[in-house]
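Participant: There's a structure below that I have some questions on.
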Amino acid sequence: MENGLSSFWGPVTSTEWCEKNYVYSSYIAEFFNTISNVPGILLALIGLINALRQRFEKRFSVLHISNMVLGIGSMLYHATLQRMQQQGDETPMVWELLLYFYILYSPDWHYRSTMPTFLFFYGAGFAVVHALFRFGIGFKVHYVILCLLCIPRMYKYYIYTKDISAKRLAKLYLATLFLGSMCWLSDRLFCKEISLWYFNPQGHALWHVFMGFNSYFANTFLMFCRAQQRGWDPKVVHVLGVFPYVKIDKTKSQ
């Protein structure tokens, strides 16, 4: 990592990663960590188009948009390495998990207005507190806890889903989460050793790529499960036999 001074945005005021600053452009601090968000944004756009085209519930459109906002926020953060932009990356991360929490648990929630109201004020309160204070490790612990709260419900959806293609989406979700986490940890814990290598594998950039696919697989799996709940006869189909998305038939409901 560099000495903390940038050539355009001023002194670095955010967390840095294991990529040398301003190597390829005087306007982009961490080049690979910035452009690696593009696949996730494009995948979220594809998911949004599919959700709108097939008239899925608005919650999924909001979820895909939140993925895009998160990717854009991450690009701004890594391009500038400024504290404000880092908060613009981290706060949407929490908001996105609150959306996942709502989508996962709301079908069985008996008091429909209480959950969105609570999650809204929780997200707003976090945004205010996070703007005033720097959490560091506290943010990471908070984020991991929110992730762990979602996993039991994801597992329940998995075991109650009989469709093989849908189960494959869940497995791809787990695989990309595992691979991305390994890349993140390697970049964070072994930066000094990696910096001595002839070639830096850019673990944090790989984390962005894996998590872009991870979000897409998670969203597609949840869209399938929700369509099953609504009786929309969902099927996982593939573009060119490779890229998965959910196709529904609302005429068969009820």
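Participant: Across the range 67-85, what is the total count of residues that are open to solvent by 20 Å² or more (accessible area, probe 1.4 Å) and either of a type in the set (S, T, N, Q) or modelled with pLDDT of 95 or more (or both)?
Facilitator: Number satisfying all stated conditions: 8.
Participant: Just to be sure I understand the filter: pairs with C-beta atoms under 7 Å, separated by 6 or more residues or on different chains, first member in the range 87-112 and free of Cβ contacts under 8 Å to residues at least 24 places away in the same chain, second member open to solvent by 30 Å² or more (accessible area, probe 1.4 Å) and not charged (D, E, K, R). Which pairs pass?
Facilitator: Within 7 Å, the pairs are G88/L76.
Participant: With the structure loaded, tell me whether S61 is open to solvent by less than 40 Å² (accessible area, probe 1.4 Å), farther than 22 Å from E193 by Cα, assigned to a helix (DSSP H, G or I) and polar (S, T, N, Q) or whether it fails that test.
Facilitator: Answer is yes for this residue.
Participant: Identify, please: which residue in the range 195-247 is β-branched (V, I, T) and farther than 15 Å from M154 by Cβ and is, among those, least open to solvent (accessible area, probe 1.4 Å)?
Facilitator: Among those that are β-branched (V, I, T) and farther than 15 Å from M154 by Cβ, it is V246.
Participant: Within the bounds of the range 199-218, is there any residue that is farther than 30 Å from M84 by Cβ and touching a Leu at 6+ places or on another chain (Cβ under 9 Å)?
Facilitator: Yes, the range 199-218 has at least one match.
Participant: Taking the condition within 23 Å of the chain's Cα centre (by Cα), part of a loop (DSSP other than H, G, I, E, B) and over 20 Å from F210 (Cβ atoms), does A51 pass?
Facilitator: No.
Participant: Right, something else. Specify which of the listed residues (W109, W95) is at pLDDT below 90 and either buried (at least 18 other Cβ atoms within 10 Å of the Cβ) or among the aromatic types (F, W, Y) (or both).
Facilitator: W109
Participant: Mind checking which residues of the range 162-194 are closer than 19 Å to F243 by Cα and exposed (fewer than 14 other Cβ atoms within 10 Å of the Cβ)?
Facilitator: Residues satisfying the conditions are I164, K171.
Participant: Okay, moving on. Looking for whichever is open to solvent by 60 Å² or more (accessible area, probe 1.4 Å), under 26 Å from F224 (Cβ atoms) and under 15 Å from the mean Cα position of the chain (by Cα) here; the options are I159, I151. Which one fits?
Facilitator: Just a single option satisfies the conditions, and that option is I151.
The rows are residues; the columns are (1) touching a Cys at 6+ places or on another chain (Cβ under 9 Å); (2) in a loop (DSSP other than H, G, I, E, B); (3) surrounded by 14 or more Cβ atoms within 10 Å (Cβ to Cβ); (4) modelled with pLDDT of 90 or more.
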{"site": "Y100", "(1), (2), (3), (4)": "yes, no, yes, yes"}
{"site": "L119", "(1), (2), (3), (4)": "no, no, yes, yes"}
{"site": "A124", "(1), (2), (3), (4)": "no, no, no, yes"}
{"site": "K140", "(1), (2), (3), (4)": "no, no, no, no"}
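The values are calculated or read from the model by the stated rules, or taken from the named source; none is laboratory data. Bear in mind that the values here come from a model prediction, so they are computed numbers and not experimental data. No Cβ is skipped: glycine too gets one built from the backbone with ideal geometry, and neighbour counts run over all protein chains shown. Remember, those area values only see protein heavy atoms, side chains included, never the ligands or the DNA or RNA. Shrake-Rupley method; radii C 1.70, N 1.55, O 1.52, S 1.80 Å.
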